[in-house]
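Inspection log for the structure reproduced underneath, given as structure tokens.
The values are calculated or read from the model by the stated rules, or taken from the named source; none is laboratory data. Given the structure is predicted, the values throughout are model-derived calculations rather than measurements. Cβ: placed from backbone, ideal geometry, glycine included. Neighbour counts: every protein chain shown. Just so you know, the surface numbers come from the protein's heavy atoms only, side chains and all, with ligands and any DNA or RNA stripped out. Shrake-Rupley method; radii C 1.70, N 1.55, O 1.52, S 1.80 Å.
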Amino acid sequence: PDGTVWYTGQRSGVLGRLDPKTGTVERIPLGSGSAPHGVIVGPDGAAWITDGGLNAIVRVDPETKVVQSWPLPEARGYTNLNTAVFDGQRRIWFTGQNGIYGRLDPKTGEMKVWDAPKGRGPYGIATVNPNTGSARMFEPPNKEQGARRVWSDSTGRLWISEWNTGHVSVFNPVDGVWKTWKLPGASPRAYSVYVDEQDKVWLTDFGANAIVRFDPVKESFESFPSDRSGANVRQMLGRKGEAWGAESGTDRLVVIRYGSSS
């Protein structure tokens with residue numbers, strides 16, 4: 001809310017905080033063995049992290065920088081935590097690539113973990129059944145597409161980045177209809193996905209070393225190549241007029257600013 005940007009330093013076990021106005025970066029150690037993957041801002045304004053190294057959900061207070069941790073049940077073993085999202089009841093949901101998804105209620109500390117329907121592979125997360133935790137399968141039309149991340153637009157449609165095929169697909173839960181488009185270029189590799197306030201779909205393409213914006217109305221792509229090789233943007237987020245990416249291959253944060261009508 002104050003305009004700063006959070007990021008995770010997976011190899012160094014830190015949470016980073018950038019002030020875009022000054023370029024100042026603050027690094028907050030998360031503890032011995034930490035390997036943070038995703039970070040989101042929760043409804044409480046704090047930074048919430050899926051920490052694969054600690055096998056825990058971690059909260060960092062934006063004012064005091066106090067680090068609080070909720071370990072996953074020991075019986076689950078190493079889960080390879082990946083991505084998180086909050087529901088309307090201020091509970092945080094998360095995925096673990098070793099074959100789980102789960103839910104933490106920060107108020108009570110109650111944590112529930114479920115087996116993923118197809119075992120290993122849960123990665124991105126956008127929405128789930130918040131009451132029962134039950135999962136249903138919806139198969140994308142492209143065979144062995146390698147779905148990577150998912151984001152919901154303002155109408156509730158789900159946008160999916162497909163790593164293996166280089167497509168972006170959208171699923172409408174109301175009628176069960178899928179649509180799919182291949183990213184431009186010879187060998188696209190779609191990794192992250194983020195839908196902005198205009199319902200434009202932002203993706204990262206490792207094949208083109210670029211961030212790509214897709215207009216669902218015009219069904220057209222616009223590419224923004226990185227000025228450094230091997231950018232490897234694995235996650236995107238944004239706010240009104242800004243799309244942010246974390247270049248894991250260059251240790252940089254990048255932003256694309258756009259107008260309200262662009």
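Suppose we keep only residues that are of a type in the set (Gly, Ala, Ser) and part of a loop (DSSP other than H, G, I, E, B) within region 231-247. Which one would you say is surrounded by the most Cβ atoms within 10 Å (Cβ to Cβ)?
Per the stated criteria, the residue is 231.
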(request) Search region 18-38 for residues that are in contact (Cβ under 8 Å) with a residue 24 or more places away in the chain and pair each with any residue that is open to solvent by less than 70 Å² (accessible area, probe 1.4 Å) and of a type in the set (Ser, Thr, Tyr) when their beta-carbon atoms are under 6 Å apart and the residues are at least 6 apart or on different chains. (result) 36/8; 37/50; 38/50; 38/83
(request) Filter region 51-64 down to residues that are of a type in the set (D, E, K, R) and out of contact with any Leu (no Cβ under 9 Å at 6 or more places or on another chain) and give me whichever is nearest to residue 12 (Cα to Cα). (result) 59
(message) Is it the case, given these coordinates, that residue 221 is open to solvent by 50 Å² or more (accessible area, probe 1.4 Å), on the phi < 0 side of the Ramachandran plot and part of a strand (DSSP E or B)?
(response) yes
(request) Name the strands (runs of 3 or more DSSP E) wholly inside region 16-61 in which the number of residues that are under 16 Å from the mean Cα position of the chain (by Cα) and closer than 20 Å to residue 252 by Cα is 1 or more. (result) 36-41, 47-51
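Please verify whether residue 197 is within 19 Å of residue 170 (Cβ to Cβ), in a strand (DSSP E or B) and among the acidic types (Asp, Glu), treating the condition exactly as stated.
No: the conditions fail for residue 197.
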(request) Among what's in region 175-194 and is outside any loop (DSSP other than H, G, I, E, B) and within 17 Å of the chain's Cα centre (by Cα), pick the residue that is surrounded by the most Cβ atoms within 10 Å (Cβ to Cβ). (result) 190
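Of all strands (runs of 3 or more DSSP E) completely enclosed by region 67-174, which ones contain at least 1 residues that are surrounded by 12 or more Cβ atoms within 10 Å (Cβ to Cβ) and on the phi > 0 side of the Ramachandran plot?
none
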